[in-house]
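Okay, structure first, notes after.
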Amino acid sequence: MSVSSFPPEAVRDDFVPKEDFFDRDFARAEAEHLWPKVWQIACRLEEIPKIGDYVVYEILTDSIIVVRSGEGDAGVKAFHNACPHRGTLLAEGCGHTKQFVCPFHGWRFAVDGSNVEVVDRHDWGACLKEGDADLAAVQVGTWGGWVWINMDPECQPLDQFLEPMKSRCDKMEFEKLRFSWYKSTIVEANWKTVVEAFTEFYHVQTTHQQMLTYTKDYSTSRAMGRHGWMSYEFGTGLPIGRSARLEPLAEEPDFREYLYEYGKQFKNDLAAMQTERAFQSIQALRDLPADATPIEVLTKWGEGIYQRAIESGAGWPEGLTPEYMAETGFDWHVFPNTVFLHPAIEAVLWYRMRPYGDDPEKCYFDTWSLERYPPGDEPQVEREFHADWRDGNYPLIYTQDFENIPKVQKGLRSRGFKGGRTSPVQERAIANFHRRLRTFLQDSHADDDLGPEPKRDSTP
């Protein structure tokens, strides 16, 4: 089936066709026209600190070696993980090597991809020309501490592809964050179903009801070119009051204790987006008078986090004005398959979704908690993989989502379900994602124009 069978015009701000989530023709169109032509996160720079360090990134039938061959960002290379002799895989997982050696016939390659040995080279005579035996290169770029790859030699430069997200988040210094934990699992749902679950806050009021005690949860969402931007209506993710969905309290609580309960819940139920420094700063707020206003408490909390970060040697980004912070939002969907939440300057929660083989109703789901540490204090993090998320010891908030997502995928198949009825306000980024995806499938270069600059107020 031609990609013309999936016109972008079929997506409205309030409607997404259901076939996109399970149709095998749509999945084949993605395999041919999306994944080989789009920028995607392969690994983090901290995973390849030394020359010879490598990580293998898998996306459907393609296997990519990301390797450090020299100093700095220019020393990061990426190659198709296939020996040019007979196609044998040269590496698996991650590790360190001086050379990549084909385990089948012994051909050898330097970490810059150049061939250094063809066994019995004389057999080929003039058939093997200069470069024929080198590894096939893949486009590579770095931003935010991540290594991004693109298999299309004609692709748009990474810096342009990431706009306007990049300009709105550059000052956050994501490159100075490090893993605090790393978990991967398989989810019984299409990769886009999982992307959607983390590209809106509309579900908080039902799925994560425990958060309503400190979250004014009504959200807003914007289309940002091919990417998506989400935040709360009041502009930040700070705990400034109960949701209007709850019954009002007879009297306002002591905001110091209110904030402590918020911090404890994040610590226990999310285990991310809050450093230990931030939690210590909350506990120190009990030194304030009981009648301190919410603004006074939040200001003191922010000052405590900053002071502890500086004193620890972790440092702090420069030039973060309230206006800039408002523009960074709370949650970004970076087309096509990564989402990050960053209400805290020094701690970010990052997701990556990838299709699972030829089954359009399964996907790999990577979750990364990142924090800002003093140099040398970064923990030794093991990559955890659990085929069943129930074995992964995920905190409460993740399990609440994991329980719902497969139900969404199964319901999409219902004969009585016509298509996603997305909120034109709180889920606008989802509709934008599907419209841009269908456009990309038709022409991977037709989406380069980011369109008009979005409005600066909270309305879509």
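What the phi angles of the stretch 261-271 give under the Karplus curve with 6.51, -1.76 and 1.60, with θ = phi - 60°, is a coupling list of 5, 4, x, 5, 5, 4, 5, 8, 8, 10, 6 Hz, glycine and proline written as x. What angle, in degrees between 0 and 90 and rounded to the nearest 10, separates the Cα long axis of helix 294-312 from the longest principal axis of the Cα atoms of the chain? Tilt of helix 294-312: around 40 degrees.
Close amide H partners of Asp53, meaning residues 5 or more places away or on another chain with modelled amide H under 5 Å apart, are Arg68, Thr97. For the stretch 40-155, averaging the sequence separation of C-alpha pairs within contact (under 8 Å, six or more residues apart) and dividing by the residue count gives a relative contact order of 26 percent. Taking amide H atoms as placed 1.01 Å from N in the peptide plane, the amide H of Lys216 lies under 5 Å from those of Ile240, Gly241, each 5 or more residues away in sequence or on another chain. When only DSSP loop residues count, what trypsin sites (Lys or Arg not before Pro) in the stretch 14-80 have their Cβ near at most 16 other Cβ atoms within 10 Å? The qualifying sites are Lys50. Taking a Cβ cut-off of under 9 Å around Glu188, the surrounding Lys, Arg, Asp and Glu residues balance to a net charge of +1, with basic ones at +1 and acidic ones at -1.
Once the mean 1/r over all distinct Cα pairs of the stretch 233-327 is inverted, what Kirkwood radius in angstroms do you read off? Evaluated over the stretch 233-327, this radius sits at 14.7 Å.
Can you work out the FRET efficiency for the pair Gln209 and Glu130, with r the C-beta to C-beta distance and R0 = 60 Å, to the nearest 0.05? Working from the Cβ atoms, E equals 0.40.
Relative to the longest principal axis of the Cα atoms of the chain, helix 24-33 runs at roughly 70 degrees. Each residue of the stretch 281-291 was assigned a 3J(HN,Hα) from its phi angle through the Karplus curve 6.51 cos²θ - 1.76 cosθ + 1.60 (θ = phi - 60°); the sequence is 5, 5, 4, 5, 5, 5, 6, 6, x, 4, 8 Hz, with glycine and proline shown as x.
Put a plus charge on the Cβ of each Lys and Arg, a minus charge on the Cβ of each Asp and Glu, and nothing anywhere else: the dipole of the stretch 40-155 about its Cα centre is then about 240 debye.
Rounded to whole numbers, the Karplus 3J(HN,Hα) couplings from phi for the stretch 216-221 are 7, 7, 5, 10, 9, 9 Hz, using 6.51 cos²θ - 1.76 cosθ + 1.60 with θ = phi - 60°, and x at Gly and Pro. Using a 4.7 Å Cβ-Cβ cutoff, the cysteines of the chain lacking any partner cysteine are Cys43, Cys94, Cys127, Cys155, Cys169, Cys363. Ordering Gly304, Met224, Thr206 by the projection of their Cα atoms onto the charge dipole of the chain, which places +1 on the Cβ of Lys and Arg and -1 on the Cβ of Asp and Glu, puts Thr206 at the extreme positive end.
Pairs of alpha-carbon atoms within less than 8 angstrom and 6+ residues apart define the contacts here; what relative contact order does the chain have, in percent? Walk me through the numbers on the way to the answer.
On the way: 867 pairs, mean separation 110.6, N = 460.
The normalised contact order for the chain reaches 24 percent.
Give a quick list of GluC sites (Glu not before Pro) in the stretch 147-251 that DSSP marks as loop, anything other than H, G, I, E or B, with at most 11 other Cβ atoms within 10 Å.
Values: sites: Glu154, Glu173, Glu175, Glu188, Glu196, Glu200, Glu233, Glu251; in loops: Glu154, Glu173, Glu188, Glu200, Glu233, Glu251.
In loop regions of the stretch 147-251 (DSSP not H, G, I, E or B), the sparsely surrounded GluC sites (Glu not before Pro) are Glu154, Glu251.
Loop exposure criterion: chymotrypsin sites (Phe, Trp or Tyr not before Pro), DSSP state outside H, G, I, E and B, at most 13 other Cβ atoms within 10 Å. Applied to the chain, the longest stretch between such sites is 105-416.
For Phe385, the amide hydrogen comes within under 5 Å of the amide hydrogens of Ser184, counting only partners 5 or more places away or on other chains and with H modelled in the peptide plane.
Between the stretch 85-148 and the stretch 343-395, what's the alpha-carbon centroid distance in Å? Centre-to-centre (Cα) distance: 29 Å. Under the convention that each Lys and Arg Cβ holds +1 and each Asp and Glu Cβ holds -1, the size of the dipole of the chain around its Cα centre is about 720 debye.
In summary, the chain shows an alpha-carbon radius of gyration equal to 1.04 times the 2.2 N^0.38 Å reference for compact globular proteins. The length gained on full extension between Asp25 and Arg413, counted as 0.36 nm times the residue separation minus their Cα-Cα distance, comes to 138.1 nm.
As an exercise, take the mean of 1/r over every pair of distinct alpha carbons in the stretch 63-135, invert it, and state the Kirkwood radius in angstroms. Write down the numbers at each step before the final one.
Numbers: mean 1/r = 0.0782 Å⁻¹.
Its Kirkwood hydrodynamic radius stands at 12.8 Å.
Per DSSP H run of at least 4 residues, take -39500 (n - 2.57); add these up for the chain, divide by its residues and hand me the 222 nm value, nearest 500 deg cm²/dmol. Before the final figure, lay out the partial values.
On the way: 11 runs with 112 residues, N = 460.
Mean residue ellipticity at 222 nm (helix-derived): -7000 deg cm²/dmol.
The fewest-to-most ranking of Leu441, Leu298 by surrounding Cβ atoms within 10 Å reads Leu298, Leu441.
Any read-out appearing in this document is the output of simple, stated calculations on the displayed coordinates, not a laboratory observation. Being a predicted model, the structure only gives us computed values, none of them experimental. Here the Cβ is made from the backbone with ideal geometry for all residues, glycine too, and neighbour counts use every protein chain on show.
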